[in-house]
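Colleague: Just passing along the structure, written as structure tokens.
Bear in mind that the values in this text are calculations on the coordinates, not laboratory data. If you're wondering where the values come from, they're calculated on a predicted model, not measured in any experiment. Here Cβ is always computed from backbone atoms with ideal geometry, including for glycine, and neighbour counts include all displayed protein chains.
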Amino acid sequence: MKSYFSIILIVTFSATFFSQTYTWVGGTDTNFFNEANWVDSTTGVAPTGNPINGGNLLKRNLVISNFSEDIIAKSEINLGTFSMSITNATIVVNSVRGGTIEINENGYLNLEISSAFKTTTEIKLNSGIAWVRTKLINPSTILNTYLNQFKVNGTVALYPNNIRLDNYYLEGTVIRSNDANITPVILYDDINLKGSSVSLDVDVIHSGNALTNMNNKASSFILRKGYMLTVADDEAGTGKSKNYIASEQDLIVNELPTYLKKNISFARVIPWNWVNKKGIGGDKTGLNQTWFYRWASNGLSTIDFENAPMAWGPYNADEDADITIFRQKYKATHVMAFNEPDDCSAQSGKQRNMCKIDVATGYYRNLMKTGMRIVSPGGREEAPSGWLQNFYDKATAEDLRIDVIAVHWYDWGSNPASNKNPTAVQVFNRFKNYLTSVHNRFGKPIWITEFNANINRSNAINLEFMKLALPYLESLDYVERYAWFQPFSNVASYYDENNTLTNVGTYYKEFNSNPSIPQSTYTADNNLDVYYKNNPKLHHNIITNGNFDSGDLRAWFGSNNQVLMDSENPINNLTNYRLENVASIKSNEGSLYQALEVAPKVKYTVSFDYKWVTGTGSYNHIAHVYSGLSGTTSIGSVTLETTPSIWYNATINFTVPSNVTKARLFFNKLDANNQLRINNVKVHLNPNKTWTGAVSNNWNTAGNWLENSVPISTDVVLVPRDLKKYPTVSGDITVNQLVIDSGASFLSSGIVTGGVTYFADLPDDKWHLLSVPVDTQVMNNDWVQAAAIATGQGSNIAIGSYDNTADNPTTGPWRYFTGTASNFDNGKGFAMKKLSKGMFIFSGNITARPKSINISQGSINPWNLIGNPFPSYLNIANFLNSNTTSLKNTHEAVYVWNAETESYSALTDGFIHPGQGFFVNSNVATTSVSVTADMLSHQNNQVFYKSESVQSPKIILNFSDGTSTKQTEINYLEGKTTGLDPRFDIGLFDGVATNFSVFTHLVSNNEGIPFMKQALPNTDFENLVIPVGIKATTGKEITFSVNATHFPEGIFVFLEDREKKTVTRLDEANSSYKVTLTENTDTTGRFFLHTKSSGVLSATAIDLQNISIYTTTNSTLKIAGLTPGKANIQLFSILGKQLLNTDFEAKNSNEIALPKVASGIYFVKLQHEKGNFTKKMVLESL
């Protein structure tokens, strides 16, 4: 019995033993095989007897969770038939054998050797935030040999359906779930990962409302390792944005940059892919590269290689479908922009004018919608100091993110066609200098996507150059990737004609490359980070023509100076402005200065680049800022460096004295000095307080200010542009100076004590209609000089007011400033033109609301140039609704000037920008319009904002003489009539003389008023015939074409020419109608638009439809629309008395002299050989 009992005890003990679990506590160190780091889950006591030894069979289930440091197993983990569970922990181990490994959320297993799987081990990936990483087993081997050991959320692994196999540099693999519901990012609405939160799915565009309760609220986030996050302030992915990478560790951002904090409306999370620096251009394999590109967007990643897609040119970046292609690229984390767009005659530069910076940035903006990391355009060798620098500056100014700089280098600067046999060291040294200068210039990571020693050089030189270059590139932390370019001469190709590796190919293959981005997390500054960190307040620049883009010295003064292209040391000194305009004060004595409009007691910073040209003279100079427009009282200065042939940057900080509003930036060079070159001149103010709107619109909330404190009476306050929330003040405030940036907005119901300055930033030197949004701004010669206003004929200066009471023989209704000082009238509009693009600066006080603005019907016309009198946005619809009785019902709109098209646009909705002028048409002799508080609001830098139009049938009729194109618009809308529909039928602006225009007349009740927009009912298309009027000179060939949209099927647009008796369909692709005028034309009656199912018009229709009879003056009756033939016109009083009976020869347009009549109602009877027409009219007495 005793023996039996003992056996029972042994069996029972064994069963208990084998059901036990060891739990990791990590009390001693991070050694996996140290039993002191484990406890028995039942007893809570550390195991004894060495049950956990490397390589030995483990006889317990293991549970590892919630440990922040990596747990290191320096030999094999042999699970036998047991399991190991990993949650919120990382294990680094050489190999595993047997058993089951369950990897749960935030669980990571890193396998270090090439034989990491000793026998079959079942691995269960139970979370998308988890991985198995093999250091020396590549993706192909995992797929072909080990994939059957994996399960994903309980399902057999199937690549790529539910499992990802990503590169881990050259030889490894990251194995993880491909579940669409993975959420690697958590956004929080407060800093330090506090407050409300939302999790973001992987590889999905989250924008606007798709960010649920986090749209424009996120302040901090956590990004799980193995993923990349891109965020932006615009729902499309454009605008201010930043990219974050969590490579080998979770990335915690406790507070977003100021420019993104509570300003995120776009986010995309992408699985990260680990590659080395070395890559190739093209589809070559077998070179131990981890990535490649194809100069196109159509490359596909393989299981072992990542493809970096390239837009190349505009055709891969102009449509949403193009962006979708980039987004859907498997393994792709970057998008490369354009290939040599700086070359206007070849490559992408010749496509759609891509070599123009404005064009290139437009297409580049689309690439931001991918949510990927973006590589800059890769230009020719000289691009960084010219085209690419201009692109970079323009991109930064337009909030276009650049993460990486791409360059091409072939040593063209050494004239290799002649210099064929330099030493490899000489070539290499030039390459080193080039990369150094590019990095010094931009301070960004670099991809060298094309390079070699040059096609004109021998194989030996190219090989030796490669041997020097590759180790150097690997040593540079700022070089992320490189790809050797095979010249077409085969002097440096990878393979020969037999597809055998050449000496170059062999070296490239055998050369070991390092990780492209070795950091565990990566948050390096892009161009926008740099800008907003260095200039969180400096969105403005009050210098005009500081980059000398005009090609001359407009807005600058001085002597013995010029603008030239800087071409000194074009290869070795790439930090200069090669082939760019720079100012130059010539040898001997000379000067260069500009007047500045400044505010008293405000601090400013001047920055500029300069270089002395090598010569025999001296290099000493001090640059000054002088108080006022005369005298030499210096309020700031800097002594320049004296070494020639190097571009330096200098700054001057100065504070404006009390009661001073003008200053001069002055470079005054002594006669012994050599040439001094100057460029990139900027002047910014330095406020004490800067509005961010991070929390709300409330002025008195500290969290809305960059400094986290509300302004006090001594502060200079800046309200920058490009924000989503602008300040609203209830009550009175006192500050030293309130500065409102161009496009920003400010609302106050009380009094602002202290000066107020508004910046109006104009993008060109064209005419603009402006209105001063403050009171008491002085208009005098000093202001003209500081504002760099252009001059005109005689003493005229380009500040024009509009006078509708009399025509000047030279200037018409315009009255230009000639030097007599006065104040700008608040609420009045002015036409202004600067010498060069730049800032208008208006200073004064904010006027009280409401504001009444006088308008009138002058003796020459009823047009009045007025403007938005406040530094906030004026709602056009509300303005029109409140002022209907003051405005003529045929012209019930605001008319704004489009400087780009040099034409007027009539708006009935949207917003008028602060500082913007516009025309209105007065309905009575003397009246006023008012701007009230309910018309004003905050908007985000909208100049000509229009609400989205309804997709109803529309015709835009284009009218061109080969050099100028005008348009008139017809909208077919529900509920509209063929007569006058105020606010929808909008009369043509004729307040400024023109000899070229197109318009329409009303279909019914035509009073001879030309309309630029006409609304018609969206029914009965077949019977609507629209009189078209033109103004053009004789001998001109004119062309009509249309853009017609949203018409019912089977309805087409035809243009009838009654003089030529032709009908032409215009809504077909590339269709138009051309005719040469034989006389000056300013009327209707010849051309008509028809909307019909057929171009066949009946003779009756042609002869009788759309005859218009109206008065042009009290003594002239006009008849338009008749076909040639005999006609008679009779006029009867309301009592039936005949007052006129005249025969005439009908033509398209006829004018009939009226007898003297009393004001009243009359009947006109028209008889024509094709029919009769009668109309009741109101005539005014002579």
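Colleague: If you put +1 on each Lys and Arg Cβ and -1 on each Asp and Glu Cβ, how big is the dipole of segment 17-177 around its Cα centre, in Debye rounded to 20? Intermediate values should be presented prior to the final figure.
Modeller: Values: 11 positive and 12 negative charges, 80 e Å.
Roughly 380 debye for segment 17-177.
Colleague: Also, quick follow-up: When only C-alpha pairs under 8 Å and at least 6 residues apart count, what is the relative contact order of segment 693-769, in percent?
Modeller: Values: 148 pairs, mean separation 19.4, N = 77.
For segment 693-769, the relative contact order is 25 percent.
Colleague: Using 0.36 nm per residue of separation minus the Cα-Cα distance, give me the extension gain between GLU105 and ASN499 in nm, one decimal. Mind showing how you got there, number by number?
Modeller: Details: separation 394, 0.36 × 394 = 141.84 nm, distance 4.76 nm.
Extra length available between GLU105 and ASN499 comes to 137.1 nm.
Colleague: Here is the link list: LYS240/LYS682; LYS59/LYS151; LYS217/LYS278; LYS261/LYS394; LYS533/LYS724; LYS724/LYS966. Which ones come out longer than 29 Å on Cα distance?
Modeller: Numbers: LYS240/LYS682 22 Å; LYS59/LYS151 23 Å; LYS217/LYS278 40 Å; LYS261/LYS394 24 Å; LYS533/LYS724 19 Å; LYS724/LYS966 36 Å.
Result: LYS217/LYS278; LYS724/LYS966 exceed 29 Å.
Colleague: Any chance you could get the radius of gyration and Dmax over the Cα atoms of the chain, in Å?
Modeller: Looking at the chain, its Cα Rg and Dmax stand at 37.8, 146 Å.
Colleague: Follow-up. Taking R0 as 41 Å, what FRET efficiency do you get between ASN995 and THR651 from their Cβ-Cβ distance, rounded to the nearest 0.05? Can you show the working numbers first?
Modeller: Numbers: r = 52 Å, r/R0 = 1.27.
The computed FRET efficiency comes out at 0.20.
Colleague: A follow-up question, please. Could you state the angle between the C-alpha long axis of helix 459-475 and the longest principal axis of the C-alpha atoms of the chain, as a value from 0 to 90 degrees rounded to the nearest 10?
Modeller: 80
Colleague: Which one, SER1093, TRP705, ILE1038, is farthest towards the positive end of the dipole of the chain when Lys and Arg carry +1 and Asp and Glu -1 on their Cβ?
Modeller: Farthest along the dipole direction, towards plus: TRP705.
Colleague: Here's something else I'd like to know. I'd like to know which of TYR816, ILE678, SER658 lies farthest towards the positive end of the charge dipole of the chain, counting +1 on Cβ of Lys and Arg and -1 on Cβ of Asp and Glu.
Modeller: After comparing all options, I get SER658.
Colleague: Separation between the GLU69 and SER713 pseudo-spin-labels, each 7 Å from Cα along Cα→Cβ, expressed in nm?
Modeller: Once both label points are built, they end up 6.0 nm from each other.
Colleague: For segment 485-517, which chymotrypsin sites (Phe, Trp or Tyr not before Pro) pass both filters: DSSP loop (anything but H, G, I, E, B) and at most 11 other C-beta atoms within 10 Å?
Modeller: Working: sites: PHE485, PHE488, TYR494, TYR495, TYR507, TYR508, PHE511; in loops: PHE485, PHE488, TYR494, PHE511.
Sites meeting the loop and neighbour criteria: PHE488.
Colleague: Okay, next question. Around ASN353, with a cut-off of 14 angstrom between Cβ atoms, what is the net charge of the other residues, counting Lys and Arg +1 and Asp and Glu -1? Provide the component values of the computation, followed by the final result.
Modeller: On the way: positive: LYS350, ARG352, LYS356; negative: ASP318, ASP342, ASP343, ASP358.
Local net charge: -1.
Colleague: Turning to a different aspect of this structure: Please give the contour-minus-distance gain from SER591 to THR614: 0.36 nm per residue of separation, less the Cα-Cα distance, rounded to one decimal in nm.
Modeller: Working: separation 23, 0.36 × 23 = 8.28 nm, distance 1.86 nm.
Going from the current span to full extension adds 6.4 nm.
Colleague: Using only the alpha-carbon atoms, how far is helix 2-18 inclined from the longest principal axis of the chain? Give it as 0 to 90 degrees, nearest 10.
Modeller: 30
Colleague: In a shell of Cβ-Cβ distance under 13 Å around ILE91, excluding ILE91 itself, what net charge do Lys and Arg (+1) and Asp and Glu (-1) give? Walk me through the intermediate numbers first.
Modeller: On the way: positive: LYS74, ARG133; negative: GLU69, ASP70, GLU76, GLU102, GLU112.
Within the 13 Å Cβ shell, the charges total -3.
Colleague: Further question on the same structure: Can you tell me how much longer the chain between THR632 and ASN1070 gets when fully stretched, taken as 0.36 nm per residue apart minus their C-alpha distance, in nm with one decimal? The partial results should precede the final answer.
Modeller: Numbers: separation 438, 0.36 × 438 = 157.68 nm, distance 6.49 nm.
So the chain would gain 151.2 nm between THR632 and ASN1070.
Colleague: Now, a different point. Binning at 10 angstrom from zero up to the longest distance, how are the C-alpha pair distances of segment 17-177 distributed in percent?
Modeller: 11, 43, 34, 11, 1
Colleague: Let me ask something else about it. When only Cα pairs under 8 Å and 6 or more residues apart are kept, what is the percent relative contact order across the chain?
Modeller: Values: 3094 pairs, mean separation 50.9, N = 1182.
Answer for the chain is 4 percent.
Colleague: To check my understanding: the extent here is largest minus smallest coordinate of the Cα atoms along each principal axis. What are those three numbers for segment 32-83, in Å, largest first?
Modeller: Extents along the principal axes, in whole Å: 24, 24, 19.
Colleague: If R₀ is 22 angstrom, what is the calculated FRET efficiency for the pair MET1177 and THR1062, using the beta carbon separation as r and rounding to 0.05?
Modeller: The value I calculate is 0.10.
Colleague: Still on this structure, I have one more. Rounding to the nearest 20 debye, state how big the charge dipole of segment 1042-1165 is about its Cα centre with +1 on each Lys and Arg Cβ and -1 on each Asp and Glu Cβ.
Modeller: Working: 13 positive and 12 negative charges, 75 e Å.
In total the dipole reaches around 360 debye.
Colleague: Points 7 angstrom from Cα along the Cβ direction at ASN1080 and SER1115: gap in nanometres?
Modeller: 2.0
Colleague: Considering the convex hull of the alpha carbon atoms of segment 949-1106, report its projected area averaged over all viewing directions, in nm², one decimal.
Modeller: Working: hull surface 37.3 nm².
That works out to 9.3 nm², a quarter of the Cα hull's surface.
Colleague: Just add up the charged neighbours of ALA218: K/R +1, D/E -1, any other residue whose Cβ is under 9 Å from the Cβ of ALA218. Kindly include the intermediate steps, with their values, before the conclusion.
Modeller: Working: positive: LYS217, LYS261, LYS262; negative: ASP189.
Counting the neighbours of ALA218, the net charge comes to +2.
Colleague: What is the spin-label model distance, in nm, from SER795 to LYS766 if the labels are put 7 Å beyond Cα along the C-beta direction?
Modeller: Here the modelled spin labels are 3.2 nm apart.
Colleague: Roughly how big is the chain's charge dipole about its Cα centre, with Cβ charges of +1 (Lys, Arg) and -1 (Asp, Glu), in debye to the nearest 20? Please report the intermediate quantities before stating the final value.
Modeller: Details: 96 positive and 104 negative charges, 67 e Å.
The calculation lands at about 320 debye.
Colleague: Please compute the volume of the convex hull spanned by the alpha-carbon atoms of segment 278-528 and report it per residue in Å³. If you can, show how the numbers build up before the last one.
Modeller: Working: hull volume 31.1 nm³, N = 251.
Cα-based convex hull of segment 278-528, divided per residue, equals 124 Å³.
Colleague: Only loop residues by DSSP count here, and only those with at most 14 other Cβ atoms within 10 Å; note down the GluC sites (Glu not before Pro) in segment 310-411 that meet that.
Modeller: On the way: sites: GLU319, GLU381, GLU382, GLU398; in loops: GLU319, GLU381, GLU382, GLU398.
Here the GluC sites (Glu not before Pro) that fit, given the DSSP loop and packing criteria, are GLU319, GLU398.
Colleague: Which semi-axis lengths, in whole Å and largest first, follow from the square roots of five times the eigenvalues of the Cα gyration tensor of segment 691-785?
Modeller: Details: eigenvalues 133, 54, 26 Å².
Square roots of five times the eigenvalues give 26, 16, 11 Å.
Colleague: Between SER418 and THR642, what is the FRET efficiency for a Förster distance of 35 Å, r being their Cβ-Cβ separation, to the nearest 0.05?
Modeller: Working: r = 36 Å, r/R0 = 1.02.
For R0 = 35 Å, the calculated efficiency reads 0.45.
Colleague: While we're on this one: Hey, which of these cross-link pairs are over 25 Å Cα-Cα: LYS135/LYS369; LYS888/LYS976; LYS242/LYS277; LYS1036/LYS1165? Can you show the working numbers first?
Modeller: Values: LYS135/LYS369 34 Å; LYS888/LYS976 19 Å; LYS242/LYS277 22 Å; LYS1036/LYS1165 36 Å.
In this structure, LYS135/LYS369; LYS1036/LYS1165 exceed 25 Å between Cα atoms.
Colleague: Determine, for LEU158, LEU200, LEU501, the number of other Cβ atoms within 10 Å of each Cβ, and report the residues in order from fewest to most. Provide the component values of the computation, followed by the final result.
Modeller: Details: LEU158 12, LEU200 24, LEU501 17.
Neighbour counts put them in this order, fewest first: LEU158, LEU501, LEU200.
Colleague: Sticking with this one: Just flag the GluC sites (Glu not before Pro) in segment 80-135 sitting in loop per DSSP whose Cβ has no more than 16 other Cβ atoms within 10 Å. Don't jump to the answer; show the numbers that get you there.
Modeller: Numbers: sites: GLU102, GLU105, GLU112, GLU122; in loops: GLU105, GLU112.
Here the sparse-neighbourhood loop sites are GLU105.
Colleague: Using per-residue counts of other Cβ atoms within 10 Å, averaged over each peptide, order 453-459, 370-376 from highest down. Provide the component values of the computation, followed by the final result.
Modeller: Working: 453-459: 21.4, 370-376: 26.3.
Descending packing order for the listed peptides: 370-376, 453-459.
Colleague: In whole Å, what is the distance between the alpha-carbon centres of segment 92-151 and segment 615-676?
Modeller: For segment 92-151 versus segment 615-676, the Cα centre distance is 67 Å.
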